[in-house]
Structure formats: C-alpha cells, structure tokens
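Student: I have a structure I would like to understand better, so I am pasting it below and will then ask my questions one at a time.
Values in this text are rule-based calculations from the coordinates and carry no lab data. Quick caveat, the model's predicted, so the values are computed rather than measured. Using ideal geometry, Cβ is built from the backbone for each residue, glycine included, and neighbour counts are taken over all protein chains shown.
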Amino acid sequence: MVNAFHIQSDQGRINAINRFCYITAAMSSVYIFILYFIGFPFQAFVMLLVAAAFVLCAVLTKKSFHALSRILIVLLTNFSVFYFSILFGFNAGIHLYLFTAPLIAYLLFDFRQRKKIILTFSLYLLNFFAIFSIHRFNIFQSIELTETIADLFYVINFSFGLILCFTLIFYFAFNNNAHTGMVIEVNKSLQEKHIALQQEISKKNKAHAELVKALKEKEILLSEIHHRVKNNLAVISGLVELQNFYVKDEKASAILKESRNRIKSIAVLHEKLYESRSLENIGIRSYVDELIYFIKLSYSTQQKEIKIHSQIDDSELSLANALPFSLLLNELITNSYKHAFKEKTTVNIFLLFTRKSGESFFHFIDDGCGFDYSNETKENTLGLNLIEAFSKQLKGEMSFTTKQGEGTEFTLHFKQ
Amino acid sequence: MNGKKVLIVEDDFMLSLINKKYVELMGHKVVASVTSGADAITAAKEYDPDIILMDIRLDGNMDGIETMIESGKFCKAPVIYLTGNSDGENKGRASKTNVLAFCVKPVHFEQLQEYFSKI
C-alpha cells in the first residue's frame, strides 16, 4: 500500500510536468504569432523552437527520461526568459516569468531533493540578476519597441506569468488535497490492518498461553505419575520388608532382601526422575550415591564393611538406560556383599563412570575374594543372569573377570 | 533407648501400617496413627509423644511442616519427616521445626533404626 502511494505520487508529478510543458508550449505559440506579426520572424522562429523543445520535454518525460527532461525544462525556461528579456529589454516584462521559479522548482523535484531544488532556484535567481545587471549597466542594446508594443508585451507577460503561477498553485493545492485524501485512506486501511493484526496477535497469544498451560499440566501429570509409581514401589518394598521379618529361613530372607533392594533401586530411580526438571533424564552421580547408600544400609546389620570409592561423571542418563543400569549396579554391589567376604571383613569397591562423545564407560572393581564364574554358577544365580540381561538391554559390551581369591572386575561400554 | 511413644502422621494407609510395624519391631510404642494435621495436633496434645513420624503431604488444609510448627508450641518432640520428594524448599521450611531427620519415602527399617538411635 505504501509503495502504491509512492507510485501514484510520482505519476502525479510526471503528469503535472507534462501539463506544464504543454501549457508553456501553448503560451509560446501566442508569442510566435505576436512576434511574427510585429515583424520579428527570426525571434518567432526561435520561439517556435522553444515551443517544440517544451513538447520534446513532455515526450521525454513520457519515455521515462525524467532527469533529461527536467534539465531541459530548467535550461529552456532560463534561456527563453534570458534571450527575450535581453532582446526586448527589461521593460517588456519577460523577466516576470522568473517569479514562477520557486513553483517550477517544486514542480520538477520532490521537496526532499533539496540540493536539486536549491540548484534550480539558484539558476533562476542568477538569470534574474544577469538580466537586471545587463539592463542596469546597458551591457547589451535591446531592440527599441514602441510604447504600445512594450505595454502589450508587459500585459501579456504579466498575465501569462500570473496564469502560470495560479495554475501551478492550483495544481499543488489540488495535488496536496488528493494526497491528503490518499493518506487518510492509507491510514484508515493501515488502522484496519493494525486492528486485524492485534486481534491475530491476541488470538496467538491466547493459543500460546493455552499451550504453555497444557505443557505445564502435562509436566505436573508426568511428575505426579513418577511420584505415584515411586509411592507404590515404596509400598511393595515395605510389604516385602515386613514379610521378611516373619521369615525365619536365612536363605529365604536373603532372597526377599535382594528382591526388596531391586524394587528400591527402581523406586529411587522414579524419585530422581520426579526431582529432575526434564522428567526424562536423571543425574547419574546423585542417583548412584543414593543407591549405594540404601544398599549399604540394607546390609548394615551384617558384620561386613564395604568401602565404596566412586568417580562418577556429572552427566545424565535417559530413563530407558537408567533403569537397566541401576538394576545392574544393584546386582554388582549385592554380588560383592554375597561373595567378596569369605576371608575378609572389609572390601573395597571402585566405581568409575565416564562419558565421552555419547559413549558411556563403566568400570566396577572389588578387591574381595572373587567367585567361580562358570556356566554352572550362572545357571544357579539370578544376579549374574540379570547382569548379563541388563548389559544386553543397554546394548553394551560387557566383560566379567573374577577368580577365586582375586576379586572381581566388570566393565561395560554402551552408547547413550 | 526403647519404649518411646511414637506418633505416626501419614495419609497413606499402607505406608502408615509399614511404619507402625517398623516402630514396633524396634521396641517402641505407636500411640496414634493419624492422617491429617488437625488430628496430629489433637494426638500430640493428648499423648505428648517422644518422637513424631510426619508425612509432609497430608489430608486437609495443613501440611506436615505447618502441623509441626503449630504442635511445636506445646510439644517439643523431635520429628522425622517422611516425604515423597527431597526438594530444597521443604527442607528449608522444615528447618524451622525440631527436625531429627528428613527422609525420602520409602523409609527402610535400618534407616529408621539409625534415626531412632540418635535420640
């Protein structure tokens, strides 16, 4: 809309320049007749050329040679006024046309083209001073006109100059009015668009607020689910523990305790997810620390001391990987409690978890007694089977090295 | 130190039962098991417990910490907070009361034993 406004404005100016050219050409025609009939055929011919040049300016403007056309108009107007003023003298009043100079400058150029306007106006002013000086100091001898002819010229020049002035003023006033109307139209249209845009923005803001609200509700719901899962696991874990108090058989009691610890491992996982901001990843370091604390606590009644030395990268694990990893770690530590103490009262466990370029490396070493890692043992031990199963679930490469009396070493490499 | 009077405030029936069993197995006496803050204040007035096991999220208008602030005006028993989460805000608020421990559920028997041994 703004561009359309500018095109219309420029087009209006082009039309006005053309009209100006035709009017000046028409005025020149009057002079051609007068000059010819009062006995100045050569000057009439010059005026004919001037008239033709004005028509040429209009043609140039139509052909989009705007700059050339404008320069020609400035030169033509200056030349014709100068030439005929010098020729017929100051009293003929041809210089009166120069009073239209500011209007012509404003007609030819936009008011923002200040340099061009000043230059044009200066040319007209210079022309006036030149004419005045030549007359004042008698530098050139003008043609002696009779008083009647001189008066006729003066009247015609004054009238035509006035008509040209009024025509230009009328055009500017009309054009300004038309522009004002156009600006009002454009403003109205812009205002309507502004209101429509505001309504659109308001709608989008509302939709955005609803989305944010829905997302918040989803997060709360997800968090609540983790919370409830953890609470339910807490109840199951508690029930298993309670049941264990009524079990007299040591082997059965140990199995219940291991089961409870497995449940607890998952409960702690959900607790950490509930606490985490993303609800999808958990901080591996704080999780492992808490898991170790609970496993140690569950074996605290036994006369066994395990010292855990951990070096865990402060990184995160996804829920999909955290679950098998936590259960795997639980099995490894439980395994150490079960097998590492045959001849020892204190066992050291070294945990190392590093993450590099999306690859996770986990090392578990205990300096306990080790155990017989044979197929026969595996067949009879749930824990070892679970370690292998969780390693597979993590799509990792594991290695298990253990020998009687030499401790246990487990390594796992998986992608996260 | 056996034979303590214990008040359990827990709105989950099953967890309340488990905690009660733990306390009894340690040789202490559960004087009341209630589910709301208002009931906890009444029970604290009535039984003057030696220790309180308090859930933070409770039935009714008051949470566990508000209940402890209110009951702290007449009952000086230390409290073990049992909570579903270990967020810092609750820990900060709980520090204004006579806290013995801040424990994330599910609480283990050995864990409770450790806390009770501090009294």
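Student: Assign unit charges at the C-beta atoms only (+1 for Lys and Arg, -1 for Asp and Glu), then state the dipole size of segment A:2-194 relative to its Cα centre in Debye, rounded to the nearest 20.
Tutor: Details: 12 positive and 7 negative charges, 150 e Å.
The dipole of segment A:2-194 has a size of about 720 debye.
Student: Right, next: Average partner chain C-beta neighbours within 10 Å, per residue of A:232-238?
Tutor: 6
Student: Work out the FRET efficiency for A:E144 and A:K206 from their Cβ-Cβ distance, taking R0 = 51 Å, and round it to the nearest 0.05.
Tutor: In this case the efficiency is close to 0.05.
Student: While we're on this one: Would you mind calculating the relative contact order of segment A:282-415 from Cα pairs under 8 angstrom and at least 6 residues apart, reporting the percent as a whole number? Please list the in-between numbers first.
Tutor: Working: 234 pairs, mean separation 32.9, N = 134.
The normalised contact order for segment A:282-415 reaches 25 percent.
Student: Given the -39500 (n - 2.57) contribution per DSSP H run of 4+ residues, what per-residue ellipticity at 222 nm results for chain A, rounded to the nearest 500 deg cm²/dmol?
Tutor: Dividing the helical sum by the residues of chain A leaves -25000 deg cm²/dmol.
Student: Ok, one more. Using only the Cα atoms of segment A:349-416, build the gyration tensor, take square roots of its eigenvalues as a ≥ b ≥ c, and label the shape rounded, prolate or oblate: rounded if a/c is under 1.5, else prolate if a/b is larger than b/c, else oblate. The partial results should precede the final answer.
Tutor: Values: a/c = 3.14, a/b = 1.44, b/c = 2.19.
Oblate, because a/c is 1.5 or more while a/b does not exceed b/c.
Student: Which log10 I(q)/I(0) values, to two decimals, does segment A:238-281 give at q = 0.15, 0.22, 0.25 Å⁻¹ under the Debye formula with one point per Cα?
Tutor: -0.47, -0.69, -0.78
Student: Calculated FRET efficiency, A:Y373 and A:Q243, Cβ-Cβ r, R0 22 Å, to nearest 0.05?
Tutor: 0.10
Student: Another question, then. At a threshold of 8 angstrom on Cα-Cα distance, excluding pairs fewer than six apart, so keeping six or more, what relative contact order does chain A reach in percent? Show your work: numbers first, answer last.
Tutor: Numbers: 475 pairs, mean separation 36.8, N = 416.
Across chain A, relative contact order equals 9 percent.
Student: Which of the helices in chain A, when you take each full DSSP H run, stretch at least 15 Å along the axis at their Cα atoms and have an average Kyte-Doolittle score of 1.6 or higher? Don't jump to the answer; show the numbers that get you there.
Tutor: Details: long enough: A:2-37 (53 Å, 0.59); A:41-62 (31 Å, 2.00); A:66-88 (33 Å, 1.67); A:114-136 (32 Å, 0.83); A:147-245 (141 Å, 0.19); A:250-275 (37 Å, -0.56); A:284-298 (21 Å, 0.57); A:319-339 (30 Å, 0.35); A:382-393 (16 Å, 0.41).
Span-like helices in chain A: A:41-62, A:66-88.
Student: Can you sort A:D314, A:D289 by how many other beta carbons sit within 10 Å, fewest first?
Tutor: Final ranking by Cβ density, sparse to dense: A:D314, A:D289.
Student: Just rank A:H194, A:H135, fewest to most, by other beta-carbon atoms within 10 angstrom.
Tutor: The fewest-first ordering by Cβ neighbours comes to A:H194, A:H135.
Student: Could you tell me the distance between the Cα centroids of segment A:15-92 and segment A:212-243, to the nearest Å?
Tutor: Rounded to whole Å, the Cα centres lie 96 Å apart.
Student: While we're on this one: How high is the relative contact order of segment A:360-416? Use alpha-carbon pairs under 8 Å, at least six apart in sequence, and give a whole percent.
Tutor: Reported as a whole number, the value is 53 percent.
Student: Here's something else I'd like to know. In the calculated pair distance distribution of segment A:282-415, what percentage of Cα-Cα distances lie above 21 Å?
Tutor: Roughly 38 percent, rounded to a whole number.
Student: In debye, nearest 20, what is the charge dipole magnitude of segment A:135-217 about its Cα centre with +1 on Lys and Arg Cβ and -1 on Asp and Glu Cβ, if you could check?
Tutor: The dipole magnitude comes to about 900 debye.
Student: May I pose another question? Give me the inter-chain shielding for A:218-229: mean count of other chain Cβ atoms within 10 Å, whole number please.
Tutor: Per residue, the average neighbour count from other chains is 1.
Student: Ok, one more. With N denoting the number of residues in segment A:2-194, provide Rg(C-alpha) divided by 2.2 N^0.38 Å, to two decimal places.
Tutor: Against the empirical 2.2 N^0.38 Å value, I get 1.17 for segment A:2-194.
Student: May I ask you to derive the FRET efficiency for A:L48 and A:L75 from their Cβ-Cβ distance with R0 = 22 Å, giving the value to the nearest 0.05? Numbers along the way, then the final one.
Tutor: Numbers: r = 17 Å, r/R0 = 0.78.
The value I calculate is 0.80.
Student: While we're looking at this one, here's another question. Need the C-alpha centroid separation for segment B:68-119 versus segment A:254-289, integer Å.
Tutor: Taking the Cα centre of each part, segment B:68-119 and segment A:254-289 sit 21 Å apart.
Student: Please compare each pair in A:K264/A:K344; A:K257/A:K338; A:K338/A:K403; A:K395/A:K415; A:K307/A:K338; A:K230/A:K392 to a cut-off of 18 Å on the Cα-Cα distance and tell me which ones are over it. Working shown, then result.
Tutor: Working: A:K264/A:K344 27 Å; A:K257/A:K338 12 Å; A:K338/A:K403 15 Å; A:K395/A:K415 8 Å; A:K307/A:K338 15 Å; A:K230/A:K392 25 Å.
Flagged as over cut-off: A:K264/A:K344; A:K230/A:K392.
Student: Another question, then. Where in segment B:1-106 are there chymotrypsin sites (Phe, Trp or Tyr not before Pro) that are in a DSSP coil and have at most 16 other Cβ atoms within 10 angstrom of their Cβ? If you can, show how the numbers build up before the last one.
Tutor: Numbers: sites: B:F13, B:Y22, B:Y47, B:F74, B:Y81, B:F102; in loops: B:F74.
Passing both the DSSP loop test and the Cβ count: B:F74.
Student: By counting other Cβ atoms within 10 Å of each Cβ, how are B:F109, A:F158 ranked from fewest to most?
Tutor: Working: B:F109 23, A:F158 14.
Least crowded to most crowded, the residues run A:F158, B:F109.
Student: For segment A:138-252, compute Rh as the Kirkwood radius over C-alpha pairs and then the Stokes-Einstein diffusion coefficient at 20 °C and 1.002 mPa s; write the answer in µm²/s, rounded to an integer.
Tutor: Here the translational diffusion coefficient equals 86 µm²/s.
Student: Further question: For chain B, divide the Cα radius of gyration by the Kirkwood radius and give the resulting Rg/Rh value with two decimals.
Tutor: Details: Rg = 12.6 Å, Rh = 13.8 Å.
We get a ratio of 0.91 for chain B.
Student: Once the Cα atoms of the protein assembly as shown are picked out, what are the Rg and Dmax in Å?
Tutor: 51.0, 149
Student: How many partner chain Cβ atoms sit within 10 Å of a residue's Cβ in peptide A:293-299, on average, as a whole number?
Tutor: Per-residue shielding by partner chains comes out at 3.
Student: If you put +1 on each Lys and Arg Cβ and -1 on each Asp and Glu Cβ, how big is the dipole of segment B:5-116 around its Cα centre, in Debye rounded to 20?
Tutor: Its charge dipole is roughly 280 debye.
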